[in-house]
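The values are calculated or read from the model by the stated rules, or taken from the named source; none is laboratory data. Fair warning: this is a prediction, and the values are worked out from it, not measured in the lab. Backbone-built Cβ (ideal geometry, glycine too); neighbour counts: all protein chains shown. Surface accessibility is based on the protein's heavy atoms, side chains included, excluding ligands, DNA and RNA. Shrake-Rupley method; radii C 1.70, N 1.55, O 1.52, S 1.80 Å.
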Amino acid sequence: MAPTFDNESSLFNFVVPDGNGVKGIVDSGISKVPQAYIQPHAEQIDKKSASKCEIPPIDLSKLDGPDHDEVVNQIVRASETLGFFQVVNHGVPVQLLDSLKQTAHNFFSLPAERKAVYRKEVSPSPLVKYGTSFVPEKERALEWKDYISMAYTNDDEALQQWPIECRDVALQFLKTSHEMVRNLLEALLGNLGEELDDSKIDAFIGKKMVNMNFYPTCPNPELTVGVGRHSDMGTLTILLQDGIGGLYVKVPEDVDMEKKGEWVEIPPIPGALVINVGDMLQIWSNGRYKSAEHRVRTTSTKSRVSIPIFTSPLPTQKVAPLPQVVKKDGVARYREFVFSNYMNSFFGNAHDGKKSLEFAQVNSN
């Protein structure tokens, strides 16, 4: 018989400190979503009314040929408008992508006590954190997601400290995607008049993290969200999504595109990776590139996994709009700050659209 979770505090304790996560609730046999997960009506995702994003994926193999400039233009255009695009021929083997998805399913199928050893409060490694939702202590409604997060310092520490069940494929994903990330960053920074060389690369993507996200089947997907509205705090995010779908992006109001202000779904494309612009790239570009506001819906049919790589500056790095861009624009739209302070602000609040950027915005009054 399913546990009754007769009050919100017993549910919270079961899911968060006890480490059972959302999967624990689903495995207990619930037939309807607990009240703590029911989102306010304005946050619920209407799957039927959303359209699909029909932008074709960008073929990165063409960066090495006569079409180089055209591909760079496609990358820049996508980053200046939706802030999201998909890439194929990206250099990460398709077999590895399949292996990553299977490994994520395998990890989250482990008994709760095997995963709970990595909860933030007790994890044997500062690099590894298992959790649920986003900031459960501060959320009005919890998000229908469990995750394992693995921060990268070097190969040796990853192999020693990341969970044995997923460390090899996660590390391989990070390493095989590095050249692609560098190429994308070179294209985007080059368009702003900034050359990317080895001495500068850590300033932009010195911090890297691989997550595995698990969205269990949900009895009432229309009432919940897998991830609430937010933009990513870093530089670029590289996302592997499975074939189920459920990733939605909001078309910005201030761009030359159809469907302004509407949510569009990024449909899964076999073998493709999803790239999205983070807050730091929006700040360096002084607002030209758009860190995409996005969210994830849940599904009643199958459990979904996604595996993102988050790239960002080193925590000690100072961040501000690039001087050559400010000179051209005539105004700096963001102030200078140390990235670790931005991180603290980002992780100190529940997801709330693009509110995280307010930390760095110059007051225009």
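Remarks
- The range 148-165 residues that are under 16 Å from residue 121 (Cα atoms), paired with ones that are open to solvent by 10 Å² or more (accessible area, probe 1.4 Å) and basic (Lys, Arg) (beta carbon under 7 Å, 6 or more apart): 149/129
- For residue 314, the criteria (1) at pLDDT 85 or above; (2) under 17 Å from the mean Cα position of the chain (by Cα); (3) within 23 Å of residue 192 (Cβ to Cβ) hold in every case but one, which is (2).
- Strands (runs of 3 or more DSSP E) completely within the range 262-365 that count 3 or more residues being open to solvent by less than 40 Å² (accessible area, probe 1.4 Å): 273-277, 294-296, 304-312
- Close pairs (6 angstrom Cβ cut-off, 6 or more residues apart or separate chains): at negative phi in the range 96-107, open to solvent by 50 Å² or more (accessible area, probe 1.4 Å) anywhere: 96/172; 107/165
- Meets criteria (under 22 Å from residue 148 (Cα atoms), touching a residue at least 60 places away in the same chain (Cβ under 8 Å), of a type in the set (Val, Ile, Thr) and in a loop (DSSP other than H, G, I, E, B)) for residue 92: yes
- Boolean, residue 101 is part of a helix (DSSP H, G or I), modelled with pLDDT of 95 or more, closer than 24 Å to residue 276 by Cα and open to solvent by less than 60 Å² (accessible area, probe 1.4 Å): yes
- Tally of residues being without any contact (Cβ under 8 Å) to a residue 60 or more places away in the chain and open to solvent by 20 Å² or more (accessible area, probe 1.4 Å) across the range 233-248: 1
- Look at the range 198-221: where a residue is outside any loop (DSSP other than H, G, I, E, B) and a partner is acidic (Asp, Glu), sitting 6+ places away or on another chain with Cβ atoms under 7 Å, you get 214/146.
- When each of 201, 148 is tested for being under 19 Å from residue 240 (Cβ atoms) and under 21 Å from the mean Cα position of the chain (by Cα), the lone residue that passes is 148.
- Lone qualifier among 164, 205, 201 - being within 20 Å of residue 344 (Cα to Cα) and among the hydrophobic types (A, V, I, L, M, F, W, C): 205
- Screening residue 193 on (1) assigned to a helix (DSSP H, G or I); (2) small (Gly, Ala, Ser); (3) open to solvent by 20 Å² or more (accessible area, probe 1.4 Å) shows it passes everything except condition (1).
- Highlighted here are the helices (runs of 4 or more DSSP H) found entirely within the range 1-80 that include at least 1 residues which are at pLDDT below 80 and aromatic (Phe, Trp, Tyr): 8-15.
- Residue 228, sole failed condition from (1) assigned to a loop (DSSP other than H, G, I, E, B); (2) modelled with pLDDT under 90; (3) of a type outside the set (Asp, Glu): (1)
- Selection status of residue 158, open to solvent by less than 20 Å² (accessible area, probe 1.4 Å), at pLDDT below 95 and in contact with a Phe, Trp or Tyr (Cβ under 9 Å, 6 or more places away or on another chain): no
- Criterion applied to 255, 225, 251 was being more than 23 Å from residue 314 (Cα to Cα) and buried (at least 23 other Cβ atoms within 10 Å of the Cβ), and the one residue passing it is 225.
- Residues of the range 104-121 classified as open to solvent by 40 Å² or more (accessible area, probe 1.4 Å), modelled with pLDDT under 95 and outside any loop (DSSP other than H, G, I, E, B), total: 3
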